[in-house]
1. Filter the stretch 112-143 down to residues that are in contact (Cβ under 8 Å) with a residue 40 or more places away in the chain and of a type in the set (A, V, I, L, M) and give me whichever is farthest from Phe100 (Cα to Cα).
2. So, in the stretch 121-140, how many residues would count as being surrounded by fewer than 18 Cβ atoms within 10 Å (Cβ to Cβ) and either under 30 Å from Lys197 (Cβ atoms) or out of contact with any Asp or Glu (no Cβ under 8 Å at 6 or more places or on another chain) (or both)?
3. Just to be sure I understand, how many residues within the stretch 60-93 are hydroxyl-bearing (Ser, Thr, Tyr), farther than 18 Å from Phe141 by Cα and surrounded by fewer than 17 Cβ atoms within 10 Å (Cβ to Cβ)?
4. Just name the residue that is farthest from the chain's Cα centre (by Cα) out of those in the stretch 119-175 that are closer than 23 Å to Gln55 by Cβ and basic (Lys, Arg).
5. Against the conditions (1) buried (at least 17 other Cβ atoms within 10 Å of the Cβ); (2) in contact (Cβ under 8 Å) with a residue 60 or more places away in the chain; (3) among the polar types (S, T, N, Q), where does Gln199 fall short? Just the number, please.
6. Of the residues that sit in the stretch 155-179 and are touching a Phe, Trp or Tyr at 6+ places or on another chain (Cβ under 7 Å) and surrounded by 13 or more Cβ atoms within 10 Å (Cβ to Cβ), which one is farthest from Arg75 (Cα to Cα)?
7. Pairs needed: first member in the stretch 154-180, within 25 Å of Asn122 (Cβ to Cβ); second member anywhere, modelled with pLDDT under 95 and surrounded by fewer than 14 Cβ atoms within 10 Å (Cβ to Cβ); C-beta distance under 7 Å; at least 6 residues apart or different chains.
Amino acid sequence: MKNKIKSILVVSSLLLGSATFADENFYSQTKSLVGIEGGYSSLDYENGVKTNNTQGSVSLGNIGLKIGAESEDYRIFLSGSYFFESGSQYDYLTTYGVSFQYKFNVTKAFNVYLGMNGGLMNANVRAKDNAGVAEPFYRTFSDPYFGGDLGANIHLGKSVDLELGGRVMSVQADNTIDGLTYRIGNIVQGYGSLIFKWQMD
């Protein structure tokens, strides 16, 4: 676990460094960013044993906050999100991570971005068996994730963007109790954000 977290930090540092050195005028062009995010996600899972397991998905809503910076061509965010569902299977699910994005400045009205993300997912899950009966205990997860982002920023003004995007987070985490394994696979998310930006000194 510690090695995985160290890997995330090393990758994040390299990404930030690549953005900094890619443009010699990075600091003079950089803007600070704060974003408020809301979204809808689908999480796929498996539960049971290899020869007799349940495969399914859970629908989750989420709210989040992210802070970052951008230059003419790059953005980087540190973010945190809280996920919730209408049922009782997930007591909580949170993510904390970093995302690095390259912007394609299509027009003055909007840009398109493509990026990668990574971080840590924490969850408390009450799994259900093939008959839909919930286990009498919760399973706890604390595992890294990696993935990608794709979307567009619509410029509502000089200081506000409307961000519409999609995100995939690959978790691939197992929790085994009494010979039964619950596996979280991928989280596929659609989201919207209001991004507030201002020029850095």
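1. If we take residues in the stretch 112-143 being in contact (Cβ under 8 Å) with a residue 40 or more places away in the chain and of a type in the set (A, V, I, L, M), then Ala134 is farthest from Phe100 (Cα to Cα).
2. Looking only at that region, the number is 9.
3. Of the stretch 60-93, the ones hydroxyl-bearing (Ser, Thr, Tyr) are 71, 74, 79, 81-82, 86, 88, 90, 92.
Then keep just the ones that are farther than 18 Å from Phe141 by Cα; that gives 71, 74, 79, 86.
Pick out the ones that are also surrounded by fewer than 17 Cβ atoms within 10 Å (Cβ to Cβ) and you get 86.
Count: 1.
4. Lys128
5. Answer for Gln199: the failing condition is (1).
6. To start, the set of residues in the stretch 155-179 that are touching a Phe, Trp or Tyr at 6+ places or on another chain (Cβ under 7 Å) comprises 155, 159-160, 165, 167, 169-171, 173, 175.
Pick out the ones that are also surrounded by 13 or more Cβ atoms within 10 Å (Cβ to Cβ) and you get 155, 165, 167, 169-171, 173, 175.
Working: His155: 15, Gly165: 14, Arg167: 15, Met169: 18, Ser170: 21, Val171: 23, Ala173: 28, Asn175: 35 Å.
That would be Asn175.
7. Gly179/Val49; Leu180/Val49
The values are calculated or read from the model by the stated rules, or taken from the named source; none is laboratory data. Just so we're clear, the structure is a prediction, and the values are computed from it rather than from any experiment. No Cβ is skipped: glycine too gets one built from the backbone with ideal geometry, and neighbour counts run over all protein chains shown.
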